[in-house]
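Student: My structure is below; once you've seen it, I'll send some questions.
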Amino acid sequence: MVYGEEGTFDLSKYVDYRSDNTTILNVEQTKEKLLSLDYIQKELEDYINGGTKPIVNEGF
C-alpha cells in the first residue's frame, strides 16, 4: 500500500510502546534474548573460528 492511495492509516488501534506496558529485561534476560538470535549465533561462531569479516557484508 502506498501512503495516501487507500485512505488514512488508523493508529488508534495500536498501543503506544512505553516502559509501563512493555516487558523490561534485566541484563541476564537481555543476554539470553540476544543469544537466541540466529544472527548473533552466526557472528559468535565466526568470531570463535577466527573470522574477521562481519556477516553484515553478506546481506544481512
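Student: Yes or no: L25 surrounded by 10 or more Cβ atoms within 10 Å (Cβ to Cβ), modelled with pLDDT of 90 or more, among the aliphatic types (A, V, I, L, M) and not in a helix (DSSP H, G or I)? Break it down stepwise before answering.
Tutor: Numbers: surrounded by 10 or more Cβ atoms within 10 Å (Cβ to Cβ): yes; modelled with pLDDT of 90 or more: yes; among the aliphatic types (A, V, I, L, M): yes; not in a helix (DSSP H, G or I): yes.
So L25 passes the test.
Student: Output the qualifying pairs, or none if there are none: Cβ atoms under 8 angstrom, residues six or more apart or on different chains, first residue in region 28-40 and under 23 Å from G51 (Cα atoms), second residue β-branched (V, I, T) and surrounded by 11 or more Cβ atoms within 10 Å (Cβ to Cβ).
Tutor: L34/I40; Y39/I55
Student: Looking at region 42-54, which of the residues that are surrounded by fewer than 10 Cβ atoms within 10 Å (Cβ to Cβ) and at pLDDT 85 or above is nearest to the chain's Cα centre (by Cα)?
Tutor: The qualifying residue nearest to the chain's Cα centre (by Cα) is I48.
Quick grid of which residues meet (1) at pLDDT 70 or above; (2) surrounded by 10 or more Cβ atoms within 10 Å (Cβ to Cβ):
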residue: K13; (1), (2): yes, no
residue: L35; (1), (2): yes, yes
residue: I40; (1), (2): yes, yes
residue: V56; (1), (2): no, no
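The values are calculated or read from the model by the stated rules, or taken from the named source; none is laboratory data. Quick caveat: nothing in here was measured; it's all calculated off a predicted structure. FYI the Cβ positions are ideal-geometry reconstructions off the backbone, even for glycines, and counts take in every protein chain you see.
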